[in-house]
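Visitor: Sharing a structure with you now.
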Amino acid sequence: QETAAAEGGGGDGDGGGSEAEAEAAAAGRVAVLERELSFCAQAVRRNPKSYWIFNQREWAAAQLHALGQCNWQHELELCSTLLSYDARNFHGWNYRRHVVRMHGTSDESEFEFTTSLIEKNFSNYSAWHQRSNLLPRLHPRPSPEYSAAIARELDLVQNAFYTEPCDQSAWIYHRWLVNEYPEPHVIEQEIGRCEELIDIAESAGEKKWPILGLVYLLQRRATSSDLERAVHLVAELSALDPPHAAYYSSLASSLASSLASSLASALNAPAGAGAGAAPGGGGGGDAGPPS
């Protein structure tokens, strides 16, 4: 009996020892992974645009998460710090999107974060792009709430146009907004705004994007007179921006083709029918603006 008791006691001791060893091994693994995160943080300061550093950090964070030990709030704060140094670091933005998913950050909070960055610097394509991802999640579409949100964003990009007239970031976002809310009154409003920006522009660089924006809007409205005007505006762009002459030549050919179709439709339309609009609304199908 004494022997059996001793063996039983020894068995309990071995079980306790195995459990303690497992806990020690897990703690050791956590410590190694936390050092790896620290090492990645140091490395990213030296090379903030390295795919491999961010991939390694994501892997280390995933391993810690599997052990229930990843501090996602700390990772989110780290991303914010990184983007405060370089708000257009798309590696940082990609990692932040991953962290936001893992952390469970609300869309409202992330939208406010993009607003804070844009208010500091309108020339932030990544922040504008993030807003285009968030808006459809924040507001059901189509809905009056979504249309109202797009209208507010159109007002916001106007501030960017006046502050950074030569920067393309807000103009690319503007095109997305118009695609999301292409109502006739919106097209009219934005045409007027582009014309005003062209009138007050003080240099060729400041004219380029408002003219290109106006061409796109005229393509969207696509009456014969709109398309004819757009052809003349593209010729003006070629003179203002010679390095992208090939792009403007292609755009002019596309506009001329749309104009020919519009005129043919007007000639073949029954008497009294509205002449001037191209079939299907025309326009908007160019290869995209030059950078």
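The values are calculated or read from the model by the stated rules, or taken from the named source; none is laboratory data. The structure presented is a predicted model; accordingly, all values stated were derived computationally and were not measured. Because the Cβ atoms are built from the backbone with ideal geometry, glycine has one as well, and the counts that use them run over all protein chains shown. Each accessible area value is taken on the protein alone, full model and side chains, heavy atoms only, with ligands, DNA and RNA left out. Shrake-Rupley method; radii C 1.70, N 1.55, O 1.52, S 1.80 Å.
Visitor: Starting from region 140-165, keep only residues that are charged (D, E, K, R), then list their pairs with residues that are open to solvent by less than 30 Å² (accessible area, probe 1.4 Å) whose Cβ atoms are within a distance under 6 Å, requiring at least 6 positions of separation or different chains.
Guide: If the second residue must be open to solvent by less than 30 Å² (accessible area, probe 1.4 Å), the pairs left are GLU153/LEU177; GLU164/SER123.
Visitor: Looking at ARG35 and the list (1) modelled with pLDDT of 95 or more; (2) exposed (fewer than 13 other Cβ atoms within 10 Å of the Cβ); (3) closer than 30 Å to SER123 by Cα; (4) among the charged types (D, E, K, R), which single condition is not satisfied?
Guide: (3)
Visitor: Follow-up. Taking the conditions exactly as written (under 26 Å from the mean Cα position of the chain (by Cα) and on the phi < 0 side of the Ramachandran plot), does ARG29 satisfy them or not?
Guide: No, not satisfied.
Visitor: Further question on the same structure: With SER50, SER84 as the choices, which residue is open to solvent by 40 Å² or more (accessible area, probe 1.4 Å) and over 16 Å from the mean Cα position of the chain (by Cα)?
Guide: SER84
Visitor: Within region 55-71, restricting attention to residues that are assigned to a helix (DSSP H, G or I) and open to solvent by 20 Å² or more (accessible area, probe 1.4 Å), which residue is nearest to HIS91 (Cα to Cα)?
Guide: ASN55
Residues checked against (1) among the polar types (S, T, N, Q); (2) in contact (Cβ under 8 Å) with a residue 12 or more places away in the chain:
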| position | (1), (2) |
| --- | --- |
| GLY205 | no, yes |
| SER225 | yes, yes |
| ASP241 | no, yes |
| ALA246 | no, no |
| LEU251 | no, yes |
| SER254 | yes, yes |
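Visitor: Every residue in region 165-219 that is modelled with pLDDT of 95 or more, touching a Cys at 6+ places or on another chain (Cβ under 7 Å) and not hydrophobic (A, V, I, L, M, F, W, C), please.
Guide: Correct list: PRO210, GLY213.
Visitor: How do the helices (runs of 4 or more DSSP H) wholly within region 140-214 filter down when requiring 2 or more residues that are under 21 Å from the mean Cα position of the chain (by Cα) and crowded, with 20+ Cβ neighbours inside 10 Å: which remain?
Guide: 144-163, 169-180
Visitor: Oh, and also: Select from region 96-129 the residues that are surrounded by 20 or more Cβ atoms within 10 Å (Cβ to Cβ) and over 14 Å from the mean Cα position of the chain (by Cα) and write down the one among them that is nearest to ALA62 (Cα to Cα).
Guide: By that ranking, first place goes to VAL99.
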